[in-house]
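The values are calculated or read from the model by the stated rules, or taken from the named source; none is laboratory data. Just so we're clear, the structure is a prediction, and the values are computed from it rather than from any experiment. Note that we place each Cβ from the backbone using ideal geometry, even for glycine, and neighbour counts take in every protein chain shown. Each accessible area value is taken on the protein alone, full model and side chains, heavy atoms only, with ligands, DNA and RNA left out. Shrake-Rupley method; radii C 1.70, N 1.55, O 1.52, S 1.80 Å.
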Amino acid sequence: MATPADHTEENNTPPTTNCPAWCIGHDADAPDKDDDHLHEATPSLIPCIALERTTNETGTILHHPTATELTLVRYQCPHDSDTWFYIGDGSRAHGLYITLESARRLVSALARYVEDEG
């Protein structure tokens with residue numbers, strides 16, 4: 001799966017009748033394949049504050065809040081009934097692809113944590 005990015009130029013495949021309602025259409029560009037349509041939803045951009053770790057010259061680990069933007073995108077691959085969610089900062093090194101069921105568990109756990117904080 002591709003890391004979410006601006007697909008304006010390459011997103012030329014219109015949704016088909018087989019697309020989920022959320023699909024904006026994206027051609028996975030497999031050579032000579034007519035069935036390589038990757039279902040992709042419109043990305044949601046979420047402004048966040050993340051805790052960044054750095055190490056100073058003496059080796060001390062420092063923590064400080066940093067503004068970032070997380071991207072959330074829903075995907076479904078050709079010939080796959082599973083829905084996948086990407087959440088991350090747009091780089092392969094800082095993102096996760098999780099299943100719909102995993103996303104539900106994550107939402108539930110986050111709701112409990114947020115509720116505990118009042």
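Identify the residue in segment 77-101 that is in contact (Cβ under 8 Å) with a residue 12 or more places away in the chain and loosely packed, with under 14 Cβ neighbours inside 10 Å and, among all such residues, is nearest to Ile46 (Cα to Cα). The qualifying residue nearest to Ile46 (Cα to Cα) is Ser91. In the set (1) within 24 Å of Ala103 (Cβ to Cβ); (2) open to solvent by 90 Å² or more (accessible area, probe 1.4 Å); (3) at pLDDT below 90, Asp29 fails one condition alone, (1).
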